[in-house]
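The values are calculated or read from the model by the stated rules, or taken from the named source; none is laboratory data. All values reported here derive from a predicted model rather than from experimental measurement. Cβ atoms come from the backbone with ideal geometry, glycine included; neighbour counts cover every protein chain shown.
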Amino acid sequence: MAQTALDAKAEDVVVLDLRKLSYSFDFFVLCSVDSDRHLQTIADDIKEKFRTNGVRSAHEEGQPQGGWKLLDYGPVVVHIFFPDVREFYRLERLWADAPRLPLKIKAVLNGKAQPAKKSVKPALRKKRA
């Protein structure tokens, strides 16, 4: 779901792991968009991706014109927001104890998808006395 949102150019995509914090769901996928058309496109792309695998959302809420859409797939809930609506609900703050899962983002170079490069942390050097 997160990759589908990224492929559709969603911004600020975050996956929260709620397995140890909630009995109702396991993950929230949060993302931001800048227009109602963009919001509906991402929602449609996610629904189509799952529909092709025989999975339909259990519940949907919200309208693109209202600045948000929720797709409930049982253990995974997708929230698509306009930035100001996302700031209003502040789900990342509400679930601040939830770990954020790292996203493996595919970079596109010359029209071909490339695997994301691993981030390299600089080696810690010991201070000389």
Query raised in the report: Only one of (1) out of contact with any Leu (no Cβ under 8 Å at 6 or more places or on another chain); (2) within 15 Å of Asp17 (Cα to Cα); (3) loosely packed, with under 12 Cβ neighbours inside 10 Å fails for Gly74. Which number is that?
Result: (3)
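For every residue, the table says whether it meets (1) among the charged types (D, E, K, R); (2) at pLDDT 90 or above; (3) buried (at least 18 other Cβ atoms within 10 Å of the Cβ); (4) over 16 Å from the mean Cα position of the chain (by Cα).
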| residue | (1), (2), (3), (4) |
| --- | --- |
| Asp7 | yes, no, no, no |
| Ala10 | no, no, yes, no |
| Lys20 | yes, yes, no, yes |
| Phe28 | no, yes, yes, no |
| Asp44 | yes, yes, no, no |
| Val55 | no, no, no, yes |
Query raised in the report: Would you say Leu91 is touching a strand residue (DSSP E or B) at 6+ places or on another chain (Cβ under 7 Å) and either closer than 26 Å to Lys20 by Cα or modelled with pLDDT under 95 (or both)?
Result: yes
Report task. Report yes if Asp36 is closer than 26 Å to Ala98 by Cα, surrounded by 14 or more Cβ atoms within 10 Å (Cβ to Cβ) and in contact (Cβ under 8 Å) with a residue 12 or more places away in the chain, otherwise no. Result -> no
Query raised in the report: Only one residue in Val29, Val33, Val76, Val15 is among the hydrophobic types (A, V, I, L, M, F, W, C) and out of contact with any Phe, Trp or Tyr (no Cβ under 8 Å at 6 or more places or on another chain). Which one?
Result: Val29
Query raised in the report: So how many residues does segment 57-106 have that are among the basic types (Lys, Arg) and over 23 Å from Asp36 (Cβ atoms)?
Result: 4
Query raised in the report: Can you find a residue in segment 16-24 that is of a type in the set (Phe, Trp, Tyr) and either in a strand (DSSP E or B) or touching a Ser or Thr at 6+ places or on another chain (Cβ under 9 Å) (or both)?
Result: no
